[in-house]
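The values are calculated or read from the model by the stated rules, or taken from the named source; none is laboratory data. These figures come from a predicted structure and were not determined experimentally. Cβ: placed from backbone, ideal geometry, glycine included. Neighbour counts: every protein chain shown.
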């Protein structure tokens, strides 16, 4: 993975597999992980994060179900191309990314008003 990092907060109420799934989905949707980019093997990422391989495997399965990654024997796990006729960043991806962001912010204890203000400020700062 090109310098992108995944972190898991074991004290968070969000399950570790969901933290991994949400972070990787956000990296893919934002373009920080490009189409065709190889992800670490399940066992490698699990060892890097100090988690069970099944935890990472579940996150990868959910990303495959969402058509964000694909795993091929011998080729590893790679960022999948967007489905034909669609682009990442269209409304469904925006909605999914927003859900991921809101879940993350809520898990950290931020109120809706705080999140909305932060998003508005980010738009003003760009």
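Residue 13: within 18 Å of residue 99 (Cα to Cα) and over 13 Å from the mean Cα position of the chain (by Cα), yes or no?
Yes, satisfied.
Out of 88, 73, which single residue is buried (at least 17 other Cβ atoms within 10 Å of the Cβ), over 24 Å from residue 11 (Cβ atoms), over 12 Å from the mean Cα position of the chain (by Cα) and at pLDDT below 95? Before you say what the answer is, go through the steps one by one.
Working: 73 fails: buried (at least 17 other Cβ atoms within 10 Å of the Cβ).
Going through 88, 73 in turn, just one is buried (at least 17 other Cβ atoms within 10 Å of the Cβ), over 24 Å from residue 11 (Cβ atoms), over 12 Å from the mean Cα position of the chain (by Cα) and at pLDDT below 95: 88.
Kindly evaluate residue 82 against the criterion of being surrounded by 16 or more Cβ atoms within 10 Å (Cβ to Cβ), over 24 Å from residue 108 (Cβ atoms) and more than 11 Å from the chain's Cα centre (by Cα).
Spelling it out, residue 82 is indeed surrounded by 16 or more Cβ atoms within 10 Å (Cβ to Cβ), over 24 Å from residue 108 (Cβ atoms) and more than 11 Å from the chain's Cα centre (by Cα).
Any chance you could count how many residues in the stretch 51-78 are in a loop (DSSP other than H, G, I, E, B) and touching a residue at least 40 places away in the same chain (Cβ under 8 Å)? Before you say what the answer is, go through the steps one by one.
Restricting attention to the stretch 51-78, the residues satisfying the condition of being in a loop (DSSP other than H, G, I, E, B) are 51-52, 66-68, 73-75.
Next, from what is left, pick out any that are touching a residue at least 40 places away in the same chain (Cβ under 8 Å): 51, 66, 68.
Within the stretch 51-78, residues that are in a loop (DSSP other than H, G, I, E, B) and touching a residue at least 40 places away in the same chain (Cβ under 8 Å) number 3.
Do you know which of the residues in the stretch 22-44 that are touching a helix residue (DSSP H, G or I) at 6+ places or on another chain (Cβ under 7 Å), free of Cβ contacts under 8 Å to residues at least 60 places away in the same chain and assigned to a helix (DSSP H, G or I) is surrounded by the most Cβ atoms within 10 Å (Cβ to Cβ)?
24
With respect to residue 109, is the statement that it is free of Cβ contacts under 8 Å to residues at least 12 places away in the same chain, assigned to a loop (DSSP other than H, G, I, E, B) and surrounded by fewer than 17 Cβ atoms within 10 Å (Cβ to Cβ) true?
yes
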